[in-house]
Amino acid sequence: MTITPTPIEGLIVLTPRIFNDDRGYFFESFNERTFSDAIGSQIQFVQDNESFSTKGVLRGLHLQKGEHAQAKLVRVTQGEVLDVAVDLREKSATYGQYYGVLLTADNHKQFFIPKGFAHGFVVLSDTAIFQYKCDNYYNTKAEGGLNYADPALNINWQLSEDQLIVADKDKELPFLKDVTDLGF
């Protein structure tokens, strides 16, 4: 597995070694030892989630606050998405900056997002299946996020606004300048 650091400390892209032959392919999608070495600590994942979405669906930018914060390891098993993480760690040199990575069923890349980030993705293919591991259980009362269209973030979602399908609750999320008390 190739581990690629990003310009934002803590965010990494993991690219597995693919073994192809006339029957198809094989790859190791997770190895606890390799993963722990890559992030410099051990994480126990406690929950796996999966979503199916159609082209233009934008989910995010979501987070869990305080003691319910979650680290995530995300990947796409069908289709193609632009996956984005925004640094919300108050003392971070990259606070308010984002990093995006193209995750596809063909490239098999995974994206590790530590605690302290808002996270979201947009589907670029006709459909996509998105899977992710979390190191903490979901808690409704700890739900939070950032508005995907925040001009301070200036995220290029690679689709025009009229192509995006966004939940009403995500459209109402606050801008970065209005976010407080996240516990990161």
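Each value in this text was obtained by applying a stated rule to the coordinates, not by laboratory testing. All values derive from a computational prediction rather than experimental measurement. Glycine also receives a Cβ, built like all others from the backbone with ideal geometry; neighbour counts cover every protein chain displayed.
Rounded to the nearest 20 debye, the dipole magnitude of the range 2-178 is 320 debye, with +1 charges on Lys and Arg beta carbons, -1 on Asp and Glu beta carbons, and the Cα centre as origin. Along the range 80-93 the Karplus relation, 6.51 cos²θ - 1.76 cosθ + 1.60 evaluated at θ = phi - 60°, assigns HN-Hα couplings of 8, 9, 9, 9, 10, 10, 10, 6, 10, 6, 3, 9, 7, 5 Hz to successive residues, with x for each Gly and Pro. Look at where the Cα atoms of the range 123-184 and of the range 1-60 average out, and the two centres are 20 Å apart. Taking R0 as 25 Å, what FRET efficiency do you get between Lys55 and Asn154 from their Cβ-Cβ distance, rounded to the nearest 0.05? Once the sixth-power term is evaluated, E becomes 0.65. Neighbour counting of Cβ atoms within 10 Å sorts the residues Val123, Val166, Val86, fewest neighbours leading, into Val166, Val123, Val86. What the Cβ-Cβ distance of Phe30 and Thr94 gives, at R0 = 30 Å and to the nearest 0.05, is a FRET efficiency of 0.70.
Here, the range 90-184 has an Rg and a Dmax of 14.4, 39 Å when only alpha carbons are counted. An ellipsoid equivalent to the range 2-178, defined through the eigenvalues of its Cα gyration tensor, has semi-axes of 25, 21, 15 Å when rounded to whole angstrom and sorted largest first.
Taking the chain as a Gaussian network of alpha-carbon nodes connected by springs under 10 Å, the highest mean-square fluctuation of the residues Gly60, Gly24, Gly40 belongs to Gly24.
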